[in-house]
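Reviewing the structure listed below.
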Amino acid sequence: MDCREAERKMSHFIQRELTEDETAEFLEHIRCCSACRRELETNFFLLEGLRVLDTDSDDFDGKRAMERELRHAFLRLRRARLRRKLRYVMDALTGAGVAVAGLLMFRILYWSVV
């Protein structure tokens, strides 16, 4: 992802509208590009600051809120990847279970005929 694409996706990231793959690419770019990270801080501060103003809250630390959001985004990606791996394992175990059950049924039927 280049800086131009990252800038286009910043507001979508803040509003959690990116797909899992887009979020991963965006976070990788933000981790490596200090200019885009500063731009994200500015955008995050503006968008979240406006949201906080609507709630009449006096407690807002833009940098800390952005760091928290980045950590949560990384955690969401890790959980999604773990769920995908677990789903693959469960599918494989289910397939193996069906195969074993089929072999056992075949064995039972074979020995009942003989």
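The values are calculated or read from the model by the stated rules, or taken from the named source; none is laboratory data. Quantities reported herein were computed from a predicted structural model and do not represent experimental measurements. As a convention, Cβ positions derive from the backbone with ideal geometry for all residues, glycine included, and neighbour counts pool all protein chains shown. SASA here: full protein model, heavy atoms, side chains in, ligands and nucleic acids out. Shrake-Rupley method; radii C 1.70, N 1.55, O 1.52, S 1.80 Å.
Pairs of Cα atoms under 8 Å, at least six residues apart: use those to get the relative contact order of the chain, whole percent.
Details: 45 pairs, mean separation 24.4, N = 114.
Relative CO of the chain lands at 21 percent.
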| Charge dipole (debye, nearest 20) of the chain; +1 at Cβ of Lys and Arg, -1 at Cβ of Asp and Glu | 860 debye
| said: Test of understanding: what is the full-extension gain from Leu109 to Asp21, defined as 0.36 nm times their sequence separation minus their Cα-Cα distance? | reply: 26.8 nm
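In whole angstrom, how long is each semi-axis of the equivalent ellipsoid of the chain, when you take the square root of 5 times every eigenvalue of its Cα gyration tensor and sort them from largest down?
Equivalent ellipsoid of the chain: 51, 16, 10 Å, largest first.
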| field | Calculated diffusion of the stretch 58-114, Stokes-Einstein form, Kirkwood radius summed over Cα pairs, 4 °C and 1.567 mPa s, µm²/s | value | 84 µm²/s
| field | Per residue, in Å², the accessible surface of the chain once ligands and nucleic acids are set aside, probe 1.4 Å | value | 77 Å²
| query | What is the set of long-range amide H partners of Cys33 at a cut-off below 5 Å, with H atoms built 1.01 Å from backbone N? | reply | none
| Theoretical FRET efficiency, 1/(1+(r/R0)^6), r = Cβ-Cβ of Lys63 and Arg87, R0 35 Å, to 0.05 | 0.45
| request: Consider a paramagnetic label point 7 Å from the Cα of Cys32 along Cα→Cβ; state which residues of the stretch 7-23 have an amide N under 20 Å from it. | output: 7-10, 13, 19-23
| query | Of all accessible surface on the chain at a 1.4 Å probe, what whole percent is carbon and sulfur? | reply | 57 percent
| message | Using only DSSP helix segments of four residues or longer, with each worth -39500 (n - 2.57), what per-residue ellipticity at 222 nm results for the chain after dividing by its residue count and rounding to 500? | response | -30500 deg cm²/dmol
| note | Here the stretch 3-49 gives, from Cα atoms, an Rg and Dmax in Å of 9.7, 27
